[in-house]
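Can you keep this structure in mind? I'll have questions shortly.
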Amino acid sequence: QLQLVESGGGLVQAGGSLTLSCAASGRTFSTGSMGWFRQAPGREREFVGRITKMYGNTFYADSVKGRFTISRDNAKNTVYLQMNSLKAEDTAVYYCTAAEGYYGTIWEQYDSWGQGTQVTVSS
């Protein structure tokens, strides 16, 4: 079983930056993706972006493209979500997730999830 633990959430002013970390442990896999989703109160869980395990290719939702960057440190088994130019609408609980053999944006296809970390952007 793969365990994912997020950290780095908090309160930030609009226009500011925040970096989330996701430390993975347990089961390892070489194909598929590590991803980030978010969920605001009363809204559906939303795809933010993902990075592929093998080649580190990234893909982002249009709503965060150009502002958010996903990176990884394989030696530390950690994935990062760098968030810049934050907006009030980025406020949500952010979840780290993983899917072996999957590279898409559908949250139901991801089978390992962290506990989530709150990001609040004040306007």
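For (1) part of a loop (DSSP other than H, G, I, E, B); (2) modelled with pLDDT under 95; (3) surrounded by 13 or more Cβ atoms within 10 Å (Cβ to Cβ), each residue gets a yes or a no:
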site: G49; (1), (2), (3): no, no, yes
site: S63; (1), (2), (3): yes, no, yes
site: I70; (1), (2), (3): no, no, yes
site: V79; (1), (2), (3): no, no, yes
site: E89; (1), (2), (3): no, no, no
site: Y94; (1), (2), (3): no, no, yes
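Moving on to the next point. Can you find, within the range 96-123, the residue that is most open to solvent (accessible area, probe 1.4 Å) among those that are hydroxyl-bearing (S, T, Y) and under 17 Å from S7 (Cβ atoms)?
It comes out as T120.
Give the residue that is surrounded by the fewest Cβ atoms within 10 Å (Cβ to Cβ), with candidates limited to residues of the range 8-43 that are charged (D, E, K, R) and modelled with pLDDT of 95 or more.
R43
Among the residues of the range 8-28, what is the count of those that are assigned to a strand (DSSP E or B) and either touching a Pro at 6+ places or on another chain (Cβ under 8 Å) or of a type outside the set (S, T, N, Q) (or both)? Outline the logic, then answer.
The first filter runs over the range 8-28 and keeps only residues assigned to a strand (DSSP E or B), leaving 10-13, 18-26.
Now drop any that are not either touching a Pro at 6+ places or on another chain (Cβ under 8 Å) or of a type outside the set (S, T, N, Q) (or both), which leaves 10-12, 18, 20, 22-24, 26.
Residues flagged as assigned to a strand (DSSP E or B) and either touching a Pro at 6+ places or on another chain (Cβ under 8 Å) or of a type outside the set (S, T, N, Q) (or both) within the range 8-28 amount to 9.
List pairs: first residue in the range 11-23 and touching a residue at least 40 places away in the same chain (Cβ under 8 Å) and β-branched (V, I, T), second residue assigned to a strand (DSSP E or B) and open to solvent by less than 50 Å² (accessible area, probe 1.4 Å) anywhere in the structure, Cβ distance under 6 angstrom, at least six positions apart or on different chains.
V12/L18; V12/V121
Still on this model: For the range 50-63, how many residues are touching a Phe, Trp or Tyr at 6+ places or on another chain (Cβ under 9 Å) and over 20 Å from E108 (Cα atoms)?
The number of residues fulfilling the criteria is 1.
The values are calculated or read from the model by the stated rules, or taken from the named source; none is laboratory data. Keep in mind that what you see is a predicted model, and the values were worked out from it rather than measured. All Cβ positions, even for glycine, are placed from backbone atoms using ideal geometry, and neighbour counts span all protein chains on display. Areas reflect the complete protein model, heavy atoms only, side chains present, ligands, DNA and RNA absent. Shrake-Rupley method; radii C 1.70, N 1.55, O 1.52, S 1.80 Å.
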